[in-house]
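FYI, it's all coordinate maths here, none of it is from the lab. Owing to the predicted nature of the structure, the values given are computational and were not obtained by experimental measurement. Here Cβ is always computed from backbone atoms with ideal geometry, including for glycine, and neighbour counts include all displayed protein chains.
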């Protein structure tokens with residue numbers, strides 16, 4: 001039988017603290033223009049590089065295979081003598097001893113993530129779904145990334161592609177009421193918020209909204 005009340009909560013919290021997985025908070029970080037080092041350019045490293053390039057980061061690569069084709073992304077010859085002040089370092093090799101050396105070298109200089117070692121990471125990339133300005137992210141704190149991926153797939157089915165347009169419509173309408181007197185502003189914003197996604201779709205289909 002499951003322990004009741006606060007005793008069960010206490011057990012869960014201490015269980016997770018023992019794994020070090022309650023010490024992180026979900027945040028969104030602007031990496032535009034910031035130097036990010038990807039260590040290892042296999043399948044995982046490529047995905048990470050594409051992610052950061054898409055967000056406007058200055059991506060650099062280091063790989064043990066010096067002759068590797070890097071699609072024009074600048075490379076670092078000796079990661080341990082490089083004096084670039086990296087904002088983030090993302091480690092994607094399967095050489096655990098080498099990964100530990102990277103972590104030890106950068107842990108007091110940059111935010112470090114080791115793709116398959118949450119205990120060596122000070123941040124994790126969350127699985128996310130984006131629909132315009134809407135971002136919904138999920139993380140298992142490195143406990144079981146496959147579960148996070150499954151939940152992401154479920155969220156992709158729930159939040160249709162047009163959800164971004166729905167949010168853009170609400171955001172545009174909201175701006176019209178921000179300068180109103182407080183009581184009237186609240187009334188209008190409550191009315192606006194009552195327009196859920198299904199209602200928005202019906203309004204759009206009946207051409208009540210501009211495309």
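Structure values in brief
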{"read-out": "Projected label distance in nm at residue 158 and residue 128, using a 7 Å step from Cα toward the beta-carbon", "value": "1.8"}
{"read-out": "For region 75-167, alpha-carbon Rg over 2.2 N^0.38 Å", "value": "1.37"}
{"read-out": "Of 87, 123, 158, the one that fluctuates the most in a GNM where the chain has Cα springs shorter than 10 Å", "value": "158"}
{"read-out": "Highest to lowest packing among 109-117, 192-200, scored as the average C-beta count within 10 Å", "value": "109-117, 192-200"}
{"read-out": "Per-residue Cβ neighbour rank within 10 angstrom, fewest leading, 165, 92", "value": "165, 92"}
{"read-out": "Estimated 222 nm signal from helices in the chain, with DSSP H stretches of n ≥ 4 weighted -39500 (n - 2.57), rounded to 500", "value": "-13000 deg cm²/dmol"}
{"read-out": "105, 124 arranged by Cβ crowding within 10 Å, fewest neighbours leading", "value": "105, 124"}
{"read-out": "Solvent-free Debye scattering, log10 I(q)/I(0), computed from the Cα coordinates of region 35-125 at q = 0.12, 0.15, 0.17 Å⁻¹", "value": "-0.30, -0.48, -0.63"}
{"read-out": "Most mobile of 144, 86, 41 in a GNM of the chain (Cα contacts under 10 Å)", "value": "144"}
{"read-out": "For 73, 102, order by how many other beta-carbon atoms lie within 10 Å, fewest first", "value": "73, 102"}
{"read-out": "Semi-axis lengths (Å, descending) of the ellipsoid that matches the C-alpha gyration tensor of the chain", "value": "40, 26, 17"}
{"read-out": "Within a Gaussian network of the chain (alpha carbon springs, distance under 10 Å), most fluctuating of 119, 182, 55", "value": "182"}
{"read-out": "Whole-angstrom gap from region 156-211 to region 72-88, using each part's C-alpha centre", "value": "45"}
{"read-out": "Computed FRET value (nearest 0.05) for residue 197 with residue 119, which takes r as the C-beta separation and R₀ as 25 Å", "value": "0.05"}
{"read-out": "Percent breakdown of C-alpha pair distances by 5 Å bin, ordered from the shortest bin, for region 163-205", "value": "5, 23, 30, 21, 13, 7, 1"}
